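J.: Handing you this structure, nothing more for now.
The values are calculated or read from the model by the stated rules, or taken from the named source; none is laboratory data. None of these values were measured; they are calculated from a predicted model. FYI the Cβ positions are ideal-geometry reconstructions off the backbone, even for glycines, and counts take in every protein chain you see.
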Amino acid sequence: MKELPLTVKRSIELLGILLVGALFVIASDIIMPVIMAFFISIMLVPIYRFLRKYKVPEIIAIVFPILLVVVFVALIIWFFSSQVAILVSDFPQIKKNVAVHLQSLSEWISNISHYSPKEQLTFINKKSNDILNMAGGVASGAAVTLSSVFVFVGLLPIYIYLMLFYKDILLRFIFMWFKKDDHPKVKEAIYETESIIKNYLVGLLIQITYMTVLLGGLLMLFGIQHALLIGIIFAILNLIPYVGALIGNILGVLLTLTASTSLTPVITVLAVIAAVQFLDNNILMPRIVGSKVKINALIAILGVVVGGSIAGVSGMFLAMPIIAVLKVIFDRTESFKQWGVLFGDERPAKSPMTFPGFRRKSNVQLTSGTQKE
């Protein structure tokens, strides 16, 4: 059979990417719960295998780890809601602190511009109607989003159960897509994908725990109000690469401003977050996750942005594990190796513009001294 020209192959690849993206946009409410369930089910496979090893009935071996996940999520929701309840109880004091900050901001604007406090108040009143109109649209959208969340959460346990129950059928389906000679590579890719997802997700759970305890504990030692709430918000948002940490810093500052009329606690919060994040990024997380798949920062940020635009918050959280799985597949597929190189962070020792050897798909020397697959 005659091989297709290179330009036709590349055109088919780009068309495939476009179609997959369109499919995710159109059916994200259906696809994202399935992907989430897939990742969670892989994380639960070791528990399932352990129970089956001791002759536990298959249904119990599937239901028990799912119940553990439900209890864990319920504990997180309970802890978060309890901290929010404390914040709500302090609302009268928060209102006074916000008024002080707004007064200081108004005086600062008056000093650097020709707008008087009276003119600022007139401008705020004029725009308040627009804000109220927007709030109505946001409320209706929030109702739709809330219903989608309930559907998402309700379908997850069902999907996880069915994936664990029919996992052998799914594996056979995957193998049947490939020639028998390629089955060893497929098996290796499946095992590595399972290892990557387990290490990544378990690492994230550990990260949420120690970030909440470490950040919240340090802020409590410095006397910061709502320290645990800031800790858990930052720990959860930090799961979103790069973007989440920025949002976490902003929310931490806003919560601190509502609890105090001084700027000293704000500086303390920013300093503690910076120290904890440095410790997390450079020492703790690399040792906990220990993934062999390295994704460069450009692709990570693009993945988070694209995932968020396609599927909202769930897309942002799932972007990194999806990219990691794709890289494993691309690295082991001859026709898609260039995409694996694009996703990776292993830079060649010399520029491909001046050293032709670095334009090939074969093994070349990298900056880290390792060999590229």
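J.: Identify all residues within region 36-92 that are exposed (fewer than 15 other Cβ atoms within 10 Å of the Cβ) and among the polar types (S, T, N, Q); write none if there are none.
T.: Ser81, Ser82, Ser89
J.: Which of the residues belonging to region 158-182 are assigned to a helix (DSSP H, G or I) and hydrophobic (A, V, I, L, M, F, W, C)? Spell out how you get there, then give the answer.
T.: The initial filter retains those residues of region 158-182 that are assigned to a helix (DSSP H, G or I), namely 158-165, 167-175, 180-182.
Matches in region 158-182: Ile158, Ile160, Leu162, Met163, Leu164, Phe165, Ile169, Leu170, Leu171, Phe173, Ile174, Phe175.
J.: Next up: If we keep just the residues of region 211-238 that are of a type outside the set (Gly, Ala, Ser) and surrounded by fewer than 17 Cβ atoms within 10 Å (Cβ to Cβ), which is nearest to the chain's Cα centre (by Cα)?
T.: Val213
J.: Name the residues in region 300-314 that are under 17 Å from Tyr200 (Cα atoms) and at pLDDT 80 or above, would you?
T.: Within region 300-314, the first condition is being under 17 Å from Tyr200 (Cα atoms), and the residues that meet it are 300, 303-304, 314.
Within region 300-314, Ala300, Gly303, Val304 meet the criteria.
J.: Applying the selection to region 245-264, what residues are without any contact (Cβ under 8 Å) to a residue 24 or more places away in the chain and not hydroxyl-bearing (Ser, Thr, Tyr)? Give the steps one after another, and end with the answer.
T.: Of all residues in region 245-264, those without any contact (Cβ under 8 Å) to a residue 24 or more places away in the chain come to 246-247, 250-254, 262-264.
Of everything in region 245-264, those that are without any contact (Cβ under 8 Å) to a residue 24 or more places away in the chain and not hydroxyl-bearing (Ser, Thr, Tyr) turn out to be Leu246, Ile247, Ile250, Leu251, Gly252, Val253, Leu254, Leu263.
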